[in-house]
Amino acid sequence: MIFLETERLLFRAHEARDEPAFVQMHTDPEVRRFAGGRPWSVEEALTRFRTSYLHRPRRTYGLWAAIPKREDAYAGMCGLHGSSRAAYLAFYLARRLWENGLGTEAAHAFVAFGFERLHLSRMLATADEGNVRSERILEALGFRDVGLEKLAAGRILHHYEKRR
């Protein structure tokens, strides 16, 4: 079942056939550099996929598998997590799809969904310091930087907010 669609992307629940690409994406140091700071081991990626992503999300909130229409192959995930009180936008794409506007397209679709269909009054997001691509996308979509948080091991997160 397709949850959401854009000009170039489909969003659906994760399927078993997505597992190899999911594992490849989350074991890639460049992808994970700004998503927790370290690549997952193959075993960790497999476990997380099977316990937390396979056949999910089932409803509105969660990270949906992003599928480029021209490839019909898993390319990452995007969605809203949290709740209507604190809905967070998140988007992760495999490195092979960076710099072609798909991140912006995916994020825009979920921002529009959140405000137009869920009637959210605000949306939140975070980006690791130095993640220029994500910062550019969030700012282009009207998010503003509302503060930063220093985490363990020197990781710094910028908090973003967008109001309807």
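Just so you know, all these numbers are worked out from the coordinates, no wet-lab data involved. Everything numeric here is computed off the predicted structure, so don't read it as measured data. Note: ideal-geometry Cβ built from the backbone for every residue, glycine included; neighbour counts use all protein chains shown.
Which ordering of H119, H108 is given by a fewest-first count of other beta-carbon atoms within 10 Å? Walk me through the numbers before you get to the answer.
On the way: H119 9, H108 17.
Placing the least packed residue first, the sequence is H119, H108.
What does the charge count around E161 come to, taking other residues whose C-beta lies under 10 Å from its C-beta (Lys +1, Arg +1, Asp -1, Glu -1)? It would help to have the intermediate numbers written out before the result.
On the way: positive: R122, R144, K162, R163; negative: D145.
Every neighbour counted, the sum reads +3.
Kindly state, to the nearest 0.05, the FRET efficiency for R17 paired with A140, given R0 = 41 Å and r defined as their beta-carbon distance.
0.80
Sum up the charges of everything whose Cβ sits under 15 Å from the Cβ of N100, counting Lys and Arg as +1 and Asp and Glu as -1, but leave N100 out.
Numbers: positive: R8, K69, R70, R95, R96, R133, R136; negative: E7, E71, E99, E105.
Net local charge, N100 excluded: +3.
Give me log10 I(q)/I(0) at q = 0.13, 0.17, 0.21 Å⁻¹ for region 76-159, Debye formula, one equal scatterer per alpha-carbon, no solvent.
Debye intensities relative to I(0), on a log10 scale: -0.41, -0.70, -1.04.
Can you tell which of G103, G114, G36 shows the greatest fluctuation in a Gaussian network model of the chain with Cα springs below 10 Å?
G36
Taking the Cα-to-Cβ direction at R59 and at R85 and moving 7 Å from each Cα, how far apart do the two end points lie in nm?
Distance between label points: 1.5 nm.
If neighbour count is taken as other Cβ atoms inside 10 Å, put E105, E43, E5 in order from fewest to most. Walk me through the intermediate numbers first.
Details: E105 18, E43 10, E5 13.
Ascending number of Cβ neighbours within 10 Å: E43, E5, E105.
Relative to the Cα centre, what is the charge dipole magnitude of the chain, using +1 at the beta carbon of each Lys and Arg, -1 at the beta carbon of each Asp and Glu, and rounding to the nearest 20 debye?
Numbers: 26 positive and 21 negative charges, 92 e Å.
Roughly 440 debye for the chain.
What ranking of D18, D28 emerges when the number of other C-beta atoms within 10 Å of each C-beta is taken as an exposure proxy, fewest first?
D28, D18
Which is farthest toward the positive dipole end of the chain among G37, I67, A125, measuring Cα position about the Cα centre, with Cβ charges +1 (Lys, Arg) and -1 (Asp, Glu)?
A125
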